[in-house]
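S.K.: My structure is below; once you've seen it, I'll send some questions.
The values are calculated or read from the model by the stated rules, or taken from the named source; none is laboratory data. None of the values given here were measured: they were computed from a predicted structure. In this analysis, Cβ positions are derived from the backbone assuming ideal geometry, glycine residues included, and neighbour counts consider all displayed protein chains.
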Amino acid sequence: MEWLFASLLNAEYSGKSHIIWCNGDRLDSGLEQVIKKAMRRGEPVFLYRCGGRVSPLPEGLYWRMMDEHPSMRIYQLEIKDSD
């Protein structure tokens, strides 16, 4: 948490952000709605992977691993580029 907070401060971001603790193969539908709303508002969404893999997402979104964190378990939600 401290590392994530420092990263947001370093990026000069001072708005609302979200972190999800993920220990399953699927996101709850209510959580999926919260994620979509946060993305529309431009609020960063992060995931800490407790299990073996990250949850699948709706079309157009993906989890980007934040490989700068040593645990290799922190991901940031990103929008896929439309090629």
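S.K.: Name the pairs whose Cβ atoms lie under 6 Å apart, with the first residue in region 12-33 and under 14 Å from residue 56 (Cβ atoms), the second of a type in the set (D, E, K, R), and 6 or more positions between them or separate chains?
M.R.: Between residues of region 12-33 that are under 14 Å from residue 56 (Cβ atoms) and residues that are of a type in the set (D, E, K, R), the close pairs are 22/49.
S.K.: Can you tell me which residue in region 1-44 is surrounded by the fewest Cβ atoms within 10 Å (Cβ to Cβ), limited to those that are β-branched (Val, Ile, Thr) and within 18 Å of residue 71 (Cα to Cα)? Steps first, answer last, please.
M.R.: Just the residues of region 1-44 that are β-branched (Val, Ile, Thr), to begin with: 19-20, 34-35.
Checking which are within 18 Å of residue 71 (Cα to Cα) leaves us with 19-20.
Numbers: 19: 13, 20: 19.
By that ranking, first place goes to 19.
S.K.: When you look at residue 60, is it surrounded by fewer than 16 Cβ atoms within 10 Å (Cβ to Cβ), at pLDDT below 85 and on the phi > 0 side of the Ramachandran plot, yes or no? Full working, then the answer.
M.R.: Values: surrounded by fewer than 16 Cβ atoms within 10 Å (Cβ to Cβ): yes; at pLDDT below 85: yes; on the phi > 0 side of the Ramachandran plot: yes.
Yes.
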